[in-house]
Every structure is written in C-alpha cells, then in structure tokens.
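This report concerns only the one structure given below.
The values are calculated or read from the model by the stated rules, or taken from the named source; none is laboratory data. Keep in mind the model is a prediction, meaning the values are calculated, not measured. Cβ placement follows ideal geometry from the backbone for every residue including glycine, while neighbour counts extend to all protein chains displayed. What goes into the accessible areas is simple: the full protein's heavy atoms, side chains included, and nothing from ligands, DNA or RNA. Shrake-Rupley method; radii C 1.70, N 1.55, O 1.52, S 1.80 Å.
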Amino acid sequence: MDENVVWFANVGMADVPQVGGKNASLGEMVRNLAAEGVRVPDGFATTARAYRAFVAANGIEPAIRKHLEQHRDGSATLRETGEALRELFLGGEFPSEIAESILESYRDLAKRAGVAKLSVAVRSSATAEDLPEASFAGAQETFLNVVGERELLEACRRCYASLFTDRAISYREARSEEHTSELQ
C-alpha cells in the first residue's frame with residue numbers, strides 16, 4: 001500500500017486519522033453502496049503522512065508556530081497570520097515521491113474512467129475536522145473541475161494551505177485546539 005495515497009475503496013471510518021473524515025466517508029460509500037447499485041465516483045485520498053512529509057520537506061512547521069505565536073501575542077492580525085501561513089504552503093513543493101504517487105493515481109483514475117483529460121474535485125479532508133465535538137464545515141477549500149497534472153498538484157497544495165484560512169484559524173483558537181495537530 002502506498003503511504004501517500006490510498007483509494008477510497010480501501011478506506012473507512014477507522015481510517016479517519018490517516019485520510020480525514022470526508023475521505024473516510026467516501027470510502028464507506030464506495031465499499032457499501034456500490035454493492036447496492038448506487039454509483040459513487042471513484043477516487044483517492046492523500047494521507048496525513050503525505051501532508052506531514054510536505055510540511056517537513058519545506059521546513060514549514062517552525063514558521064507555522066512562529067506566526068501563530070505572533071497572532072496570539074497580538075503582534076499580528078488574524079488576516080496577516082492566515083496570509084503568511086497560506087503563503088508557506090503555496091510556496092512549497094511536493095517531495096518527488098509524493099508528487100509521483102498523486103500523479104500515478106490520477107493517471108490510473110483517468111484510465112479507469114476512460115478519459116484522457118479527467119476533471120476531478122480536490123477537497124480538504126483534515127483528520128481533525130468533522131469530529132463529533134467539532135465541525136470545520138466550510139472552513140477549508142474545495143476545487144472543482146481540476147484537469148491536468150500540474151493543476152492537480154496545485155489544487156492539492158491549495159487544500160493544504162486552506163487548513164489555515166482565517167476562519168479555520170479563528171475556529172481552532174475559539175475552541176483552544178492545536179493548529180498543528182495534523183503534524184503529529
């Protein structure tokens with residue numbers, strides 16, 4: 001099994017820590033509803049391990065902590081903090097192993113669909129969202145009609161960045177939740 005990408009058919013609710021709530025739910029639907037004749041779009045998820053590797057490869061974690069501390073001590077506004085954090089991700093590069101896992105899965109998905117230029121949706125599915133005691137609904141980004149390999153990697157990078165929208169930061173702060181829980 002690839003540590004960076006997993007197919008929906010291979011995940012379920014027990015995999016929330018690895019793929020997040022939305023992806024785990026999609027896995028449940030693929031596994032359980034397909035046998036009932038319900039058509040559920042095929043797809044794959046990047047893993048929490050891939051996210052952590054992206055952060056590590058780009059040396060982002062210390063800067064995340066620094067910007068959040070500046071926000072907490074009042075030396076940076078929420079807007080400034082969110083912008084700075086998102087820029088860290090948008091300026092980062094995927095390690096080649098992760099990029100290749102994502103692109104190979106995209107190629108395979110296109111082949112399965114019988115489409116040369118497959119249009120996909122790229123959604124954030126953080127491991128700490130949609131828990132029984134919390135909901136980040138609408139706090140992170142979704143990108144529709146993503147076509148092409150370069151565009152796919154950019155949408156994935158933008159989903160990572162969207163973990164630090166102003167709304168997501170504010171919500172975690174109000175709930176006294178750790179902003180870097182995805183890194184552990």
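Scanning the range 1-27 for residues that are assigned to a helix (DSSP H, G or I), of a type outside the set (Phe, Trp, Tyr), surrounded by 15 or more Cβ atoms within 10 Å (Cβ to Cβ) and in contact with a helix residue (DSSP H, G or I) (Cβ under 6 Å, 6 or more places away or on another chain) turns up Ala9, Asp15, Val16, Gln18, Ala24, Leu26, Gly27.
Here Arg49 meets each of (1) under 29 Å from Leu88 (Cα atoms); (2) at pLDDT below 90 with one exception, condition (2).
Among the candidates Leu68, Leu103, the residue that is more than 29 Å from Lys117 (Cα to Cα), in a helix (DSSP H, G or I), of a type outside the set (Ser, Thr, Tyr) and touching a residue at least 12 places away in the same chain (Cβ under 8 Å) is uniquely Leu68.
The residue list Arg157, Arg167 contains one member that is modelled with pLDDT of 95 or more, farther than 18 Å from Val115 by Cβ and not in a strand (DSSP E or B), which is Arg157. Listed by first and then second residue, the pairs with beta-carbon distance under 7 Å, at least 6 apart or on different chains, first residue in the range 156-173 and among the hydroxyl-bearing types (Ser, Thr, Tyr), second surrounded by fewer than 21 Cβ atoms within 10 Å (Cβ to Cβ) and not in a loop (DSSP other than H, G, I, E, B), are Ser170/Leu78. With respect to being without any contact (Cβ under 8 Å) to a residue 40 or more places away in the chain and more than 19 Å from Leu109 (Cα to Cα), Leu33 fits the description.
Taken over the range 86-111, residues that are of a type in the set (S, T, N, Q) and open to solvent by less than 60 Å² (accessible area, probe 1.4 Å) amount to 2. Of all residues in the range 70-85, those that are of a type outside the set (Gly, Ala, Ser), modelled with pLDDT of 95 or more and loosely packed, with under 13 Cβ neighbours inside 10 Å total 3.
If we scan the range 121-134, do we find a residue that is at pLDDT 95 or above and outside any loop (DSSP other than H, G, I, E, B)? Yes, because at least one residue in the range 121-134 is at pLDDT 95 or above and outside any loop (DSSP other than H, G, I, E, B).
Go through the range 34-54 and give me each residue that's surrounded by fewer than 19 Cβ atoms within 10 Å (Cβ to Cβ) and not in a loop (DSSP other than H, G, I, E, B). Listed by number, the residues that qualify are Ala34, Ala35, Glu36, Arg49, Arg52, Ala53.
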